[in-house]
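Okay, so here's the structure we're looking at.
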Amino acid sequence: MTAPDSLPPVAQRFLRYVQIDTQSDPRSPTTPSTEKQKDLGRLLVDELQAIGLPDAAMDDFGYVYATLPSPLPPEEAARLPVVALLAHMDTSPDESGAGVKPVIHRRYDGGVIALPGNPDVRLDPARQPALLDHVGEDLITSDGTTLLGSDDKAGVAILVQLAADLLHDDTPRPTVRLCFTVDEEIGRGVDRLDLDRLGADVGYTLDGSGIDSLSVETFNAARAVLTVRGVMVHPGYARDVMVNAVRILAEFIAALPPTEAPETTDGRAGYLHPHHLAAGDPSEASVEVILRDFSEDGLARRKDLLHRLADALRLKYPKAQIDLTIEDQYKNMRAYIEAADPRVITFAHGAAQSMGIRLTEQLVRGGTDGARLSEMGLPTPNVFNGGYDYHSTFEWNTVQNLERSLAFTKALLHYWGRHGA
């Protein structure tokens, strides 16, 4: 669809960006994992340069960097930290992001909405109670055949619009480094990010769901792969000879505690999640399990459980070869943030208070680029971008939420301008 001229510029940008397919691919070894992410990157470079940011550029890995200079005299700007604002360009592999057809539902009345491309996809307050907090607003959805892409093209649109709005605004604020990343949805969002080129002291990602929220804690995360190599023989003559790798793998999965699964936990409760089965047969089969816990001790306990299950299977099936590998992915970012510069949290609350709103600190039951960046030394909480029900055909945002996130991000920069020195 074409973005209606009656919409605010941030919403018009969002509607344009979601129609560009940028889905990442966990099976690809390249960076970016899909070349089509660069389609959006090239567009952003053109738009940022047209706004008046001449250093906007995309590197070989698809990352887009640009500088929004401080309006302060150089000696005053030098006393303020450089603030990085980041959003990721890719969308989730969990649902199609090709051919997104955004739909605007004006002045939502609080009822059930059947999406036009697939009436079986219905936005229903009984299932999605947050809808009732947005009655009277202009909802944005896909047509029901794809995800929408608020995660994180809402953040992308907000940051580009912020640059357009603030370039000629003389209100004191720091120098801002904008960065648009690739492959966040597959856990590789900062693998090739150049921190020296970014050149920031503190940062924020605009990748949080809902409104008026700040995410300062994530899971500690690890990935385990159990591979079983059995003994293959014709099943008609298999007695006391065959060792079926598929059966052993099934036994391992069945032993994972059902009360510690994503579908049975919430809040601070961690989980073990058999995430991906490799194509296997009785001779060889493998499963990938993701481990999540907000505490390091809890993650260590989950790792230990997997090792004990693998050891038990080795004893039970001595003719099989059973290999278990576990690698850490990211860590809870709060400790890194508080050690590096806790002002990224307190100033966010201060900016919200200056607007007359109250931020809620949310747990991220997943990962963000900010978690990895915080561990790398750049304290980076996650700011709300207005979207809900990410990674699904039920995803939605509102025009008013996009404007609210944009207004908060401006207030945040101005708060740093007043207090950062």
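The values are calculated or read from the model by the stated rules, or taken from the named source; none is laboratory data. Keep in mind it's a predicted model, so treat the numbers as computed, not measured. Positions of Cβ are generated from backbone atoms using ideal geometry, with glycine treated the same way; all protein chains shown enter the neighbour counts.
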Response to the item:
Looking across region 274-301 at residues that are hydrophobic (A, V, I, L, M, F, W, C) and assigned to a loop (DSSP other than H, G, I, E, B), the single one that is modelled with the highest pLDDT is Phe294
Response to the item:
Residues of region 332-359 being of a type in the set (D, E, K, R) and farther than 17 Å from Asp201 by Cβ, in sequence order, are Arg334, Arg358
Fill in: Which listed residue, of Asp138, Asp124, Asp60, Asp109, is in contact with a Leu (Cβ under 9 Å, 6 or more places away or on another chain), in the same structural domain as Leu162 (by TED's automatic domain parsing), of a type in the set (Asp, Glu) and free of Cβ contacts under 8 Å to residues at least 60 places away in the same chain
Asp124
Worksheet item: Regarding Gly236, is this residue in the same structural domain as Arg268 (by TED's automatic domain parsing) and among the small types (Gly, Ala, Ser)?
Response: yes
Discussion item. Looking only at region 8-45, count every residue that is outside any loop (DSSP other than H, G, I, E, B) and closer than 15 Å to Arg188 by Cα and tell me the total.
Written reply: 2
Discussion item. Within region 176-189, does at least one residue satisfy the condition of being under 28 Å from Asn332 (Cβ atoms) and more than 19 Å from the chain's Cα centre (by Cα)?
Written reply: yes
Response to the item:
Result of the Cβ filter at 6 Å on region 84-98, keeping first residues that are without any contact (Cβ under 8 Å) to a residue 24 or more places away in the chain and part of a strand (DSSP E or B) and partners that are aromatic (Phe, Trp, Tyr) and surrounded by fewer than 24 Cβ atoms within 10 Å (Cβ to Cβ), at least 6 apart or interchain, is none
Fill in: All positions within region 358-375 that are of a type in the set (A, V, I, L, M), under 19 Å from Leu291 (Cα atoms) and surrounded by fewer than 24 Cβ atoms within 10 Å (Cβ to Cβ)
Leu363, Val364
Response to the item:
Flagged in region 270-287 as surrounded by 16 or more Cβ atoms within 10 Å (Cβ to Cβ), under 26 Å from the mean Cα position of the chain (by Cα) and farther than 14 Å from Glu251 by Cα, in numbering order, are Gly270, Tyr271, Leu272, His273
Worksheet item: In region 164-210, how many are of a type in the set (Lys, Arg) and on the phi > 0 side of the Ramachandran plot?
Response: 0
Worksheet item: Considering only residues of region 59-76 that are surrounded by fewer than 22 Cβ atoms within 10 Å (Cβ to Cβ) and hydrophobic (A, V, I, L, M, F, W, C), which is nearest to Asp194 (Cα to Cα)?
Response: Phe61
Discussion item. For region 249-266, give me the residue count where each residue is β-branched (Val, Ile, Thr) and part of a loop (DSSP other than H, G, I, E, B).
Written reply: 1
Worksheet item: Given the conditions (1) surrounded by fewer than 14 Cβ atoms within 10 Å (Cβ to Cβ); (2) within 19 Å of Thr398 (Cα to Cα); (3) more than 21 Å from the chain's Cα centre (by Cα), and given that Arg79 satisfies all but one, which numbered condition is not satisfied?
Response: (2)
Discussion item. For region 232-259, give me the residue count where each residue is of a type in the set (Asp, Glu), without any contact (Cβ under 8 Å) to a residue 24 or more places away in the chain and surrounded by 14 or more Cβ atoms within 10 Å (Cβ to Cβ).
Written reply: 0
Item to complete: Identify the single condition in (1) out of contact with any Asp or Glu (no Cβ under 9 Å at 6 or more places or on another chain); (2) surrounded by 13 or more Cβ atoms within 10 Å (Cβ to Cβ); (3) closer than 21 Å to Gly187 by Cα that Glu327 does not satisfy, given that it satisfies every other one.
Response: (2)
